[in-house]
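This report concerns only the one structure given below.
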Amino acid sequence: MNNASSRATDTTANPQVTTERENPAMCQHQPPCPSADSADRESARLVAHHPEQGWSLLCNGVVLFEDTGELLPDGRIIAPQRPRSTAQVMTTA
């Protein structure tokens, strides 16, 4: 007896299934913090702070690292913005 067809898994795409997770808004206070996509995203309130590990979580979902790098909720990375040495900084008279 051949039962192979009864054990087959339906692999057709389900149009209602998405690969992206829906994250509820973390910011529940007023006025709301800037979104993770805005230029002033670093001014959002702290949710968790772990200086011993070198990172902090903001209420907009951004993870800030002590080297000034950032991890955005959608997985994008913002490279650290390290200050230049005094030899590289130009001053005006």
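Just a few scattered comments:
- In the range 35-53, the residues that are over 17 Å from Thr68 (Cβ atoms) form Cβ pairs under 8 Å with partners that are part of a helix (DSSP H, G or I), at six or more places apart or across chains, as follows: Ser35/Arg41.
- Failed condition for Leu64, given (1) at pLDDT 75 or above; (2) at negative phi; (3) part of a loop (DSSP other than H, G, I, E, B): (3)
- The number of residues in the range 67-81 being part of a loop (DSSP other than H, G, I, E, B) and surrounded by 10 or more Cβ atoms within 10 Å (Cβ to Cβ) comes to 8.
- Looking only at residues of the range 34-58 that are assigned to a loop (DSSP other than H, G, I, E, B) and within 11 Å of the chain's Cα centre (by Cα), we find that the one that is surrounded by the most Cβ atoms within 10 Å (Cβ to Cβ) is Ala36.
The values are calculated or read from the model by the stated rules, or taken from the named source; none is laboratory data. This one's a predicted model, so the numbers in the text were calculated from it and none came from an experiment. Cβ atoms come from the backbone with ideal geometry, glycine included; neighbour counts cover every protein chain shown.
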